[in-house]
Amino acid sequence: MTLITLGRCCPPDIQGFETHVRRDADDFVIQAALPGVEKEKIQVTMEERRLHIKAFRDDSFSRGRSLRSELPRGELEKNYSLPENIDAEAVTSSYDNGILTVRLPLKQQPGPRAVPID
Amino acid sequence: MKPVKRNEENRLDVVRRNDPFRSFFDEFESMFEDFFRPGFLSEYKDYPVAIHADVGEDDEKYMIKAALPGMKEDDIKVSVEDGVLVLRAERREEEKEEKKGYFRREIGYGKYERRFRLPDNVNLEKVDARYKNGILDIDLPKKEKGLSRKEIKVKGA
């Protein structure tokens, strides 16, 4: 379980994938490099204050033999523990050209409110 | 970012020992050994980052699948120079937007490179490359058997 950390950039490891977390004005953004993964094989799940990213990458070659294997394959997974001020209902994700982007909007802080005087 | 030595050498040793094509598909190995790779999502790198790839073959062709997440086709250049297949990619534009004091940069930028020494039996005329889902997919058809074979007649003095 990774606690969400600003600017954190994990290099890909033998059975992992590269991710990057940053904080913008009103959201956190988690990006994950998942080249060669079909969109249908990516699952993003929110559970209480946890975010799970799960993906499956098939073998590169369905036939023939492999001469060199450097890309991660099979089950790929990463879990994050989220800060309290995330609006869980408003989390969105998109996948484009091998990059998964998950946006985690922050809860709107209620501004000062004038209290009417009876 | 300071280059940090990755604890990956053991893995590479195993791969290398079992790799009969070491002398062919292998031009850039030292980059994997000596550098922590900033990858595709980090924000700054001032030297080319090695592109990871899977290589395979069947009876008709060699196949390379190179990981280049978040690129556009125009960012990727594939060439063959003196029997070496060169993959280069560069993301120049910074999609940066300032909002309430925060800089938003969609994905990292930088240069990526990988070289593969090709076996002699690749038919360079028929090499084909496609880009989809962050993978550059290259087919390198083999020359038909016998095409590079030539009998030399031995003459008397």
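The table for this structure:
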| read-out | value |
| --- | --- |
| Filter result for A:Ser66 (closer than 22 Å to B:Phe116 by Cα and of a type outside the set (Lys, Arg)) | yes |
| Residues (facing chain B (nearest Cβ under 10 Å), in contact with a Lys or Arg (Cβ under 9 Å, 6 or more places away or on another chain) and part of a strand (DSSP E or B)) located in the range A:31-56 | A:Gln31, A:Ala32 |
| Residue count, the range A:77-105 (criterion: within 14 Å of chain B (Cβ to nearest Cβ) and modelled with pLDDT under 90) | 1 |
| Identity of the residue in the range A:57-76, charged (D, E, K, R) and in a strand (DSSP E or B), that ends up nearest to the other protein chains (Cβ to nearest Cβ) | A:Arg68 |
| The range A:77-86, residues that are surrounded by 13 or more Cβ atoms within 10 Å (Cβ to Cβ) and either polar (S, T, N, Q) or assigned to a strand (DSSP E or B) (or both) | A:Glu77, A:Lys78, A:Asn79, A:Tyr80, A:Ile86 |
| Some residue of the range B:90-108 being modelled with pLDDT of 85 or more, closer than 30 Å to A:Leu100 by Cβ, assigned to a strand (DSSP E or B) and touching a Leu at 6+ places or on another chain (Cβ under 7 Å) | no |
| Hits in the range B:117-127 - residues which are part of a strand (DSSP E or B) and either within 23 Å of A:Arg57 (Cα to Cα) or modelled with pLDDT under 90 (or both) | B:Arg117 |
| Unmet criterion (only one of (1) at pLDDT below 90; (2) surrounded by 13 or more Cβ atoms within 10 Å (Cβ to Cβ); (3) under 23 Å from B:His52 (Cβ atoms)) for A:Asp24 | (3) |
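The values are calculated or read from the model by the stated rules, or taken from the named source; none is laboratory data. None of these values were measured; they are calculated from a predicted model. Note: ideal-geometry Cβ built from the backbone for every residue, glycine included; neighbour counts use all protein chains shown.
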